[in-house]
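Chemist: Mind looking over this structure? Questions follow.
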Amino acid sequence: MGHKGSTRINGEPDEIIHASADKCPECNHELGSPIRMEKKTIFDIPPPQKIRVTEYDLDVYRCSNCGTEVGARHRDCPQTGDMGIYLLNYVTMLKYNLRGPVRGGAGIPHHQQQSQSEREGDQ
């Protein structure tokens, strides 16, 4: 059925579902044993999960010696943007595995998608 895709990754299926028919839809006659089995593999992603929202309360200090404002940092809080590393990885995986651009999809503003490659270096 069709040509073999040159960029498609074919792995072992996570689930195999068998479908059979008992009667002919035209005349309602019993069908008996099948003459062959055709395989159809469907690639899909699981339904979206609830986005986990984390708020970081980052203290800001003023140095009593030189007057410089110093902001506290947390290792899990990105220094730029507001997307976590797992969401960035997911968007990147979709972009490269589906071989297409990601533009304004999944509720992610375009300016955040552009800075995505810059952000990956923050982690």
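Taken together, the values in this text are just the output of simple stated rules run on the coordinates, not laboratory data. In this text, all values refer to a predicted model and were calculated from it rather than measured experimentally. Quick reminder, even Gly has a Cβ in these numbers, built from the backbone with ideal geometry, and neighbours come from all protein chains shown.
Chemist: Sorting GLU69, GLU15 on the 10 Å Cβ count, fewest up front, what's the list?
Modeler: Fewest-to-most Cβ neighbours within 10 Å comes out as GLU15, GLU69.
Chemist: At a 10 angstrom cut-off on C-beta neighbours, averaged per residue, how do the peptides 29-36, 77-84 rank from highest to lowest?
Modeler: 77-84, 29-36
Chemist: Quick one: Cα centre-to-centre distance for the stretch 60-79 and the stretch 23-55, in angstrom?
Modeler: 55
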